[in-house]
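Nothing in this text is a laboratory measurement; each read-out follows from the coordinates by a stated rule. For clarity, every value in this text was computed on a predicted model and none was experimentally measured. Counting neighbours? That spans all protein chains shown, and the Cβs are built from the backbone with ideal geometry, glycine included.
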Amino acid sequence: MYLLIIVLPLVGTLITGLGGRWLGRKGANLFSTVCVILCFFFSSLSFFEVGICGVPCYLVLSPWISSGALNISWGFLFDSLTTTMLVVITSISSLVHLYSIQYMEHDPHCPRFMSFLEIFTFFMVLLVTADNFAQMFLGWEGVGLASYLLINFWYTRLCANQAAIKALIVNRVGDFGLSLCIFLVFYLFGSVDYEVVFSSTDLYGSHKINFFGLTINTLTLIGIFLIIGAAGKSAQLGLHTWLPDAMEGPTPVSALIHAATMVTAGVFLIVRCSPLINAAPTVLFLVTLLGSSTAFFASIVGVFQNDIKRVIAYSTCSQLGYMVFICGLSYYNVGMFHLVNHAFFKALLFLSAGSVIHALSNEQDMRRMGSLIKHLPITYSAMLIGSLSLMGFPFLTGFYSKDLIIEITQISHYSNIQTTYGIFACWLANISVFFTSFYTFRLVFLTFIKNTNSYRKHIDNIHESPTFLLVPLILLSIASVFIGFLSKDLFVGIGSDFWGNSINMLPLSSNLLEVEFMSIFLKWLPFLLSMLGAFSAYAINIGFFKSNTSFVYNATFRKCAFALNKKLYWDKLYNSLIVSSAMYFGYVISFKNFDRGFIELLGPYGLSRAISSLSKKLIKVQTGQITHYTFFVTAGLCSLLLLIPYWSFLELFIDIRLIAFSFFGLLAIWSPKS
């Protein structure tokens, strides 16, 4: 059963991709969807057996790499953390496959698309089930490759090409950091197996290494490289620029990348490596700082975006920040709880956005929408449920994890170093709650409630989405209402031992009892900020300020709004400092001077040109006069005779046979013309 979870997506992608021409569109859709649904069924069984019954499974298939001290086997680890991720990945992937059947029905390359979805699922399953860093890195790189293929699925579009290349290159930065982390892990522990590394972490707490002239704790350096890898995949501040542009792919791709797979890989890596991170307090500080800054940045930038998918993309970036900074406070179980909840309501938001785009003939600008509540009632209901869950409305799925994260930041039992950045994360998280609620309801008002700004031809053709598009929305709506309530006691309940040894938490973080004894005001503060954000969105878009927009013309406000609409010029900054400099170096230094200069002059092309030009000059020496040839031969012999006293010295540097060969070669060149 456990191996079928891994094999089924691989079989699905191979048969659908290689045999799509013979299976046809319907056959490819059916086969790939059945494979991933069966994978979800077996993942649910494994979740019951491993997570609920507490029976982990460890499989070793065969040796993979054996070189000196490095021994890596094909092994699979099924513990509580792995099975939880498997249920999330396969359930969302199953619904996305089902959704794609109708969404991509008119695309001539539908089998290729389904194959790419399947290979994405396979590499993500491989990533979370690996029992060592090397095998995990294989799945990590595979997910990046599959994301490139999916974002660039419509490869005839320039925007899709650029977005896919950008995602690939930005993720290469994070992948380079993760590869350095794996090298350091092997250097320190002599192994890359999770079991060996995590069990012996405490033995190397004081080990130091000289890094670029600095003496630094090795575990701290490993944690820093680990953060760089996680920041690339989970789009944390600095390496987040690829995430909004990834919207150029089809909408099912956005749901799969942003909900359950690629962007959660970084959070999963942090949780999986919790023993390493807990051993380095500096790394915990950096994780908290990075996550809280990302949550705040993405929330304020999302307010001024107009593309419906881009707004949801920035909300993904913000929620990933919540997951990361709560891991920085060593509450890894709460981070995983929010990851699971977020997967369902974020997939619901993306698929609902896809239903709107499908109904409006591929229109994505919210300013050109409006009044869709009458035409798309089911889609509106799904979008509203997802939006309320995202903002943390009480008793919906997002409420149970998001409010818990904010409440934890306000607990006062941390040590001195944690108090400072716990308060910092608390302020940024609460501010982010307001802006998240604002742009979420702005999306709902502009898309469904405000007077329409769409074209007449689009309005006449608006209709509710077909069945295959609505069924995933209904199922995800149910999950977005109940999953948080049903799984709360299991994942983060007091006294629950669900996670077992799969997560390592600091002693002070293992008890959430103090959250229950917080003051009423602090517990209600996130809800009050959410309501304030929702009412602000109402007042500006369809309320009092709709016709009283004098504040919009304020110079300071316009500058801030323009800067946030341009994502605070992160792309401009990277283009000016890195991309332009790299391209200048590549063209002027590398290409013109090195490739075209040094290599062409001294390489085969340069030598052939030199010999050719030399031969043309030597031809002029052949005058046809016997006296000239006699002079050259005599001069050559005299030169050799003059060198006889120095031959013993020249033999140290030059082979005499080479001199003789050169002499007779010159004679042959200068021989008279026939």
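Report, in degrees rounded to the nearest 10, the 0 to 90 angle that the Cα long axis of helix 397-409 makes with the longest principal axis of the chain.
Once rounded, the angle reads 80 degrees.
In square nanometres, what is the average projected area of the Cα convex hull of region 42-188? Working shown, then result.
Details: hull surface 43.3 nm².
Mean projected area of the Cα convex hull: 10.8 nm².
Tell me which of I6, N306, F186 sits at the most positive position along the dipole axis of the chain, charges placed on C-beta atoms (Lys, Arg +1; Asp, Glu -1).
The Cα lying farthest towards the positive end belongs to N306.
Quote the charge dipole size of region 1-276 about the Cα centre in Debye, to the nearest 20; the model charges only the Cβ of Lys and Arg (+1) and of Asp and Glu (-1). Numbers along the way, then the final one.
On the way: 10 positive and 13 negative charges, 111 e Å.
For region 1-276, the charge dipole is close to 540 debye.
Rounded, prolate or oblate: which fits region 115-232 when a ≥ b ≥ c are the square roots of the eigenvalues of the alpha-carbon gyration tensor, with rounded for a/c under 1.5 and prolate only if a/b beats b/c? Before the final figure, lay out each step's value.
Numbers: a/c = 4.42, a/b = 1.86, b/c = 2.38.
Taking the square roots of the gyration eigenvalues as a ≥ b ≥ c, region 115-232 is oblate.
First select every other residue whose beta carbon is under 15 angstrom from the beta carbon of F562; then total the charges, Lys and Arg +1, Asp and Glu -1. All intermediate terms of the calculation are to be shown ahead of the outcome.
Values: positive: R558, K559, K566, K567, K572; negative: D571.
That works out to +4.
Note down the relative contact order for the chain as a percent, whole number, built from C-alpha pairs under 8 angstrom at least six residues apart.
Details: 1006 pairs, mean separation 76.8, N = 674.
Dividing the mean separation by the residue count of the chain yields 11 percent.
Give me the percent of Cα-Cα pairs in the chain that sit more than 51 Å apart, rounded to a whole number.
On the way: 53132 of 226801 pairs.
It works out to 23 percent of all Cα pairs.
Please report the equivalent ellipsoid semi-axes of region 55-113, computed as sqrt(5 x eigenvalue) of the Cα gyration tensor, largest first, in whole Å. The partial results should precede the final answer.
Details: eigenvalues 262, 71, 10 Å².
After diagonalising the Cα gyration tensor, the semi-axes are 36, 19, 7 Å.
In degrees from 0 to 90, rounded to the nearest 10, what is the angle of the helix 604-619 Cα long axis to the longest principal axis of the chain?
Helix 604-619 and the main axis of the chain meet at about 20 degrees.
Helix 2-18 sits at what angle to the longest principal axis of the chain, using alpha carbons and giving 0 to 90 degrees rounded to 10?
Helix 2-18 sits roughly 60 degrees off the main axis of the chain.
Please report the net charge: other residues with Cβ closer than 15 Å to the Cβ of T241, K and R +1, D and E -1. Mind dumping the intermediate values first?
Working: positive: K166, R172, K233, R310, K566, K567, K572; negative: D245, E248, D571.
Cβ neighbours under 15 Å give a net charge of +4.
Please compute, for the alpha-carbon atoms of region 214-352, the extent along each of the three principal axes and give them in descending order in Å.
Extents along the principal axes, in whole Å: 49, 27, 22.
Determine the relative contact order of region 280-551: mean sequence separation of Cα pairs under 8 Å and six or more apart, normalised by residue count, in whole percent. Mind dumping the intermediate values first?
Details: 418 pairs, mean separation 74.0, N = 272.
Relative contact order, region 280-551: 27 percent.
Using a ≥ b ≥ c from the Cα gyration tensor of region 315-407 (square roots of the eigenvalues), is it rounded, prolate or oblate, where a/c under 1.5 gives rounded and otherwise the larger of a/b and b/c decides, a/b for prolate?
Details: a/c = 3.12, a/b = 2.30, b/c = 1.36.
Cα axes put region 315-407 in the prolate bin.
On the first, second and third principal axes, largest extent first, how far apart are the outermost C-alpha atoms of region 448-496 in Å?
59, 26, 9
Below 8 Å, C-alpha to C-alpha, sequence gap of six or more: please give me the relative contact order for region 11-82 in percent.
Normalised by residue count, the contact order of region 11-82 is 22 percent.
So how strong a dipole does the chain carry about its Cα centre when Lys and Arg Cβ are +1 and Asp and Glu Cβ are -1, to the nearest 20 debye?
Here the chain has a charge dipole of around 2640 debye.
Among F448, F337, Q410, flag the residue with its Cα farthest along the positive direction of the charge dipole of region 280-551, charges on Cβ as +1 for Lys/Arg and -1 for Asp/Glu.
The residue sitting most towards the positive pole is F448.
Just the number: Rg to Rh for region 280-551, Cα atoms, Kirkwood Rh, two decimals. Walk me through the numbers before you get to the answer.
Details: Rg = 19.4 Å, Rh = 19.2 Å.
That ratio equals 1.01.
Where does the charge balance sit around D365 when Lys and Arg score +1, Asp and Glu -1, over other residues with C-beta under 15 Å from its C-beta? Each step should come with its number before you reach the end.
Working: positive: K309, R310, R367, R368, R442, K450; negative: E248, D307, E363.
So the environment of D365 carries a net charge of +3.
What is the ratio of the Cα radius of gyration of region 124-179 to 2.2 N^0.38 Å, where N is its residue count, to two decimals? Don't skip to the answer; put the middle values down first.
Values: Rg = 12.7 Å, N = 56, 2.2 N^0.38 = 10.2 Å.
Region 124-179 yields a ratio of 1.25.
List, in order, the whole-Hz ³J(HN,Hα) value for each residue of region 561-573 obtained from phi through the Karplus relation with A = 6.51, B = -1.76, C = 1.60 and θ = phi - 60°; use x for Gly and Pro.
For region 561-573, the Karplus-derived couplings read 5, 5, 5, 6, 4, 8, 6, 6, 6, 5, 5, 4, 4 Hz, x marking Gly and Pro.
Which residues' amide hydrogens lie under 5 Å from the amide hydrogen of F211, considering only partners 5 or more residues apart or on another chain, with H built in the peptide plane?
Residues meeting the amide H criterion: I216.
With a/c under 1.5 counting as rounded, go ahead and sort region 1-276 into rounded, prolate or oblate using the C-alpha gyration tensor (a ≥ b ≥ c being the square roots of the eigenvalues; past the cut-off, prolate if a/b is larger than b/c, else oblate). Mind showing how you got there, number by number?
Values: a/c = 2.24, a/b = 1.45, b/c = 1.55.
Here region 1-276 falls in the oblate category.
Would you mind pulling out the separation of the Cα centroids of region 56-96 and region 219-277, in Å?
19 Å
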